[in-house]
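These notes are about the structure you will find just below.
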Amino acid sequence: MIIFHGDQVELARVMKEEVKKDLKNCLEEAQQYFRTVSGPKLTLVIDGKCLMYALDPSLRVMLLNLSLNCTSVVCCRVSPLQKAQVTSLVKKGARKITLSIGDGANDVSMIQAAHVGVGISGLEGMQAVMASDFAIAQFRFLSDLLLVHGRWSYLRICKVVTYFFYKNLTFTLTQFWFTFQTGFSGQRFYDDWFQSLYNVMFTSLPVIIYGLLEKDVSASLSKKYPQLYMEGIRNSFFRWRVVAAWAFSAIYQSLIFYHFVTTSSLTGQNSSGRTFGLWDVSTVAFTCVVVTVNLRLLMMCNSITRWHYVSVGGSILAWFVFVFVYSLIRENILYVIYVVMSTFYFYLAFLLVPTVALLLDFIRQGVQRWFFPYDYQIVQEIHRHEPDDNTRAGALEISNHLTADEARSFAISQLPRETSRHTGFAFDSPGYESFFASQQGVYAPQKAWDVVRRASMRSKLKAPPLPPKK
Amino acid sequence: MGQFELPIESSFSAMDVDGGGISTASSLSSSVPPPSRRKKALYQFTQQSLPACKPVLTPAWVISTFLVLGVAFIPVGIVSLHASNSVVEIVERYDAECVPDAYKSNKVAYIKNGSISKNCTKLLKVDKLMKAPIYIYYQLDNYYQNHRRYVKSRSDKQLLDGLQNNDTSSCKPEESNGGLPVVPCGLVAWSLFNDSYIFTRGAVPLKVNRKNIAWKSDRDHKFGKRVYPFNFQNGSLIGGGKLDPHIPLSDQEDLIVWMRTAALPSFRKLYGRIEEDLHPSDLITVNLTNNYNTYSFGGAKKLVLSTSSWLGGKNDFLGVFYIFVGSSCIFISLVFLLLHLKDSRPCGDATFSYWNRKNVSL
């Protein structure tokens, strides 16, 4: 035990050497543990003072190696800057996605340093919440955030993006195949208003509803099987293979739409022997496109609510209503849909073309689900006979009856939100002053307003701060 | 940074400080009035707890769907194919043979020369009974009525309003002639098909009904009843047939049929109807005038006589494809059934999940 008086630089150097030795010992010890087959789980405990030296650029790598070998690392008595530094170390050194969660103002720098920052709103103020990407009310909601909502969010984004590309690709490729038969002159296959409103009116609402409401497994099952989270880590739903499958499906479907409709339009179309023109053929094709693309969305859903039916049915209905009205107004399309719908050919084509178009996707889905299932599909199968935890018999009944759970949950949401009594000042808690002071060996008295404040807080929630040490 | 509020899904104990538990909950729920239906629906929507149907695609569903599709499609296909097979069709290409020998090497000169007679005679032999009405079509091949500039070159407003309409700029270059406007303007009308056909069976002429060959909606709503052709086909370059200026456009059915631009480069348009039966081994003599110039661009002209069924003309495509799809569905369902019986993954067996297969530890 060496006692130094005054020479801070020398003190720092010696401390650094000690820390370095310690770290090396720990690292060797950890590696030795790992060489045994079933080693125990290791935890690293390091405090702020040591961390001050361990985060030195020369020792940082060793610290990182040691930390990554351990199951968990506990850093105690760290300053906000050190929190941010440790987070950055893992973020840049280990190249992993990092998540920080904190509730106080001292966590703000850590929350901002990580990839995903989660703030807990509550008694420490709203500082962490304001600096974070996600705000939750209690620490234990983190599991919900990751395992339930994070996972659903990933699934939804992947599916919405790939579906969007698919539906536009299908629609555009039918026009592309047409160009081969127009002498490459650039004549459009569809009327211009059909094209403009395709993405706005006829196919937009179902995919929005899907993005809002899709669930592959319910919330309780998501938490029961946290291994499902691995699908997001492995990026199962947005690989090039998945995108290519959708693109292939779009190409196949566009070929079906174009060729089936045009090939069967050479001769007279009904018993009066009259023939179809360009706009008749393209209206039939467009009808098939809209119906197929919307039904494809339903095929893709894992959980179908009333809104799905409304939006898909509504979009198809909107198309028919639109074309009925539009055919009465626009000169070149005049009465086309009425002419077309007066032939048997239209109904036969309307039955055949979407079915053939969706057949390949259905086969692919069946084969994939059967022989190469995703994990969530297996979980769905395990629990397929259980009633949905949200539905109850007669869920659409008029009465306002809620179960006890729902009533409690609803009542909570009706309570006024708790406002924090704190001003939210950073660094105003007594812990820091006395910490730094104790390092210097100085005793700092507690401030009066601080004592009063601590006394006014609820007794259960905060343990009395440690008295400053000499 | 955007914020995301996590919905509070858990129970009352979330805000519970002293562990009141169930008793506090029930007292609370009895004191709060039951939420209105709209509030309840909104609550379910925002909390993502809407009642939902969760279809799981089991092998049973796949096999039965394919079986149902197959069983449903094959009869429809058979009916369609039967309808198409019941149609009798005679197709005769005439543009190659109807050129006199002297001009066989220079057909374009022949067709453009107004002084040479364009009459031609062809013989058609009827093989099967053709019941009335028998439809007469002319078929053009390699004729791009769907070319962009061709489709654009018309004025639908002028077809309805006639000379009152001045907005005919889309009809260029066939907009006006000699300073006067052309009704109907545009390339589509200018290139009107003008071959004609006269049919005789032996010595008896067959009456061809040339009325009611256009769609009724076109005659009623697209072509004006008080619009007459004006200054039509008066230029130096003749594109096709002429129109009688005393007949209103809504009665000029040839023009109406022609102006319904076709979708593909090979198309048929209705010429007229024969209202009598044609018996097998009848010999029909067609006196046709080979006026229309398809030689400049390598097109072909064909004359088609066809009966019609409830489904339309002779087109096997729908019928064949229904049968094809139906039988492939049945075949696929059998294949799946065999696979299911032979080697099936048990439904809901967690040993097939990724985490069990790869022994990934968490």
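The values are calculated or read from the model by the stated rules, or taken from the named source; none is laboratory data. Computed from a predicted structure; not experimentally measured. Note: ideal-geometry Cβ built from the backbone for every residue, glycine included; neighbour counts use all protein chains shown. Ligands, DNA and RNA are excluded from the accessible area calculation, which covers all protein heavy atoms including side chains. Shrake-Rupley method; radii C 1.70, N 1.55, O 1.52, S 1.80 Å.
Across segment A:185-301, Cα pairs under 8 Å and at least six residues apart give a relative contact order of 42 percent.
How big, in percent, is the set of alpha carbon pairs in segment A:146-382 lying more than 27 Å apart?
Details: 11055 of 27966 pairs.
Looking at segment A:146-382, the distances longer than 27 Å represent 40 percent of pairs.
Using a probe radius of 1.4 angstrom, the carbon and sulfur fraction of the accessible surface of segment A:7-78 is 54%.
Element breakdown for segment A:146-382 at a 1.4 angstrom probe: carbon and sulfur atoms account for 73% of the accessible area. Residue order by solvent-accessible surface for A:Phe171, B:Phe317, A:Phe344 is A:Phe344, B:Phe317, A:Phe171, largest first, with ligands and nucleic acids left out and a 1.4 Å probe. In the full protein context, segment A:7-78 carries 66 Å² of accessible surface per residue, based on a 1.4 Å probe and ignoring ligands, DNA and RNA. Which whole-angstrom value gives the distance between the alpha carbon centres of segment A:144-174 and segment B:52-115? Each part reduced to its Cα centre gives a spacing of 38 Å. Measuring between their Cα centroids, segment A:183-201 and segment A:34-88 lie 61 Å from each other.
When Cβ neighbours within 10 Å are restricted to other protein chains, what is their mean count per residue of peptide A:365-378? That works out to 5 on average. The residues of segment A:146-382 expose, per residue, 35 Å² of accessible area to a 1.4 Å probe.
Placing unit charges on the Cβ atoms of the charged side chains and taking the dipole of segment B:93-156 about its Cα centre, the candidate lying farthest along the positive direction among B:Cys120, B:Tyr138, B:Pro100 is B:Tyr138. Long hydrophobic helices in chain B: the complete DSSP H runs spanning 24 Å or more by Cα along their own axis with mean Kyte-Doolittle hydropathy of at least -0.5 are B:59-85, B:317-342. If R0 equals 41 Å, the separation of the Cβ atoms of A:Phe371 and B:Ser236 corresponds to a calculated FRET efficiency of about 0.05. In the complete set of protein chains, residue-level accessible area for A:Val310 is approximately 80 Å², probe 1.4 angstrom.
For B:Phe230, the residues whose modelled amide H falls within less than 5 Å of its own, excluding neighbours fewer than 5 places apart on the same chain, are B:Val183.
Summed over both chains, the contact between A and B buries some 10300 Å² of accessible surface at a probe radius of 1.4 Å.
Other residues with beta-carbon under 9 Å from the beta-carbon of B:Gly299 carry, at +1 per Lys or Arg and -1 per Asp or Glu, a net charge of -1. Here the Gaussian network model covers chain B, with springs between Cα atoms less than 10 Å apart; of B:Ser296, B:Ser328, B:Ser36, B:Ser36 fluctuates the most.
Remind me, relative contact order of chain B in percent, using alpha carbon pairs under 8 angstrom and six or more residues apart? Once normalised by length, the contact order is 31 percent.
Taking label points 7 Å from Cα along the Cα-to-Cβ direction, B:Leu338 and A:Trp240 give a separation of 3.6 nm. For the pair B:Lys225 and A:Tyr347, a Förster radius of 22 Å applied to the C-beta separation gives a FRET efficiency near 0.10, rounded to the nearest 0.05. Computed with a 1.4 Å probe on the full set of protein chains, the accessible area for A:Val160 sits at about 40 Å². GNM remark for chain B: springs join alpha carbons under 10 Å apart, and the peak mean-square fluctuation among B:Leu57, B:Leu311, B:Leu337 falls on B:Leu57.
Accessible area per residue of segment B:88-307 at 1.4 Å probe, in Å²?
Details: 10020 Å² over 220 residues.
Normalised by residue count, the accessible surface of segment B:88-307 is 46 Å².
GNM on chain B, alpha-carbon springs under 10 angstrom: the most fluctuating residue among B:Val151, B:Val62, B:Val286 is B:Val62. Around the amide H of A:Asp47, modelled in the peptide plane, lie the amide H atoms of A:Cys76, all under 5 Å away and 5 or more residues distant in sequence or on another chain. For A:Ile97, the accessible area of its heavy atoms, probed at 1.4 Å with every protein chain present, is near 140 square angstrom.
Of the residues A:Met300, A:Met230, ranked by 1.4 Å probe accessible area with the largest first, the sequence reads A:Met230, A:Met300. When cysteine pairs in chain B are screened for C-beta atoms closer than 4.7 angstrom, the residues that find no partner are B:Cys53, B:Cys329, B:Cys347.
Please find the FRET efficiency linking A:Gln112 to A:Ile157, where r is the Cβ-Cβ separation and R0 is fixed at 30 Å, and quote it to the nearest 0.05.
Working: r = 24 Å, r/R0 = 0.78.
Using R0 = 30 Å, I get an efficiency of 0.80.
Along the positive direction of the dipole of segment A:146-382 (beta-carbon charges: Lys, Arg +1; Asp, Glu -1; about the Cα centre), which of A:Ser342, A:Leu360, A:Gly211 reaches farthest? Among A:Ser342, A:Leu360, A:Gly211, the one farthest towards the positive end of the dipole of segment A:146-382 is A:Gly211.
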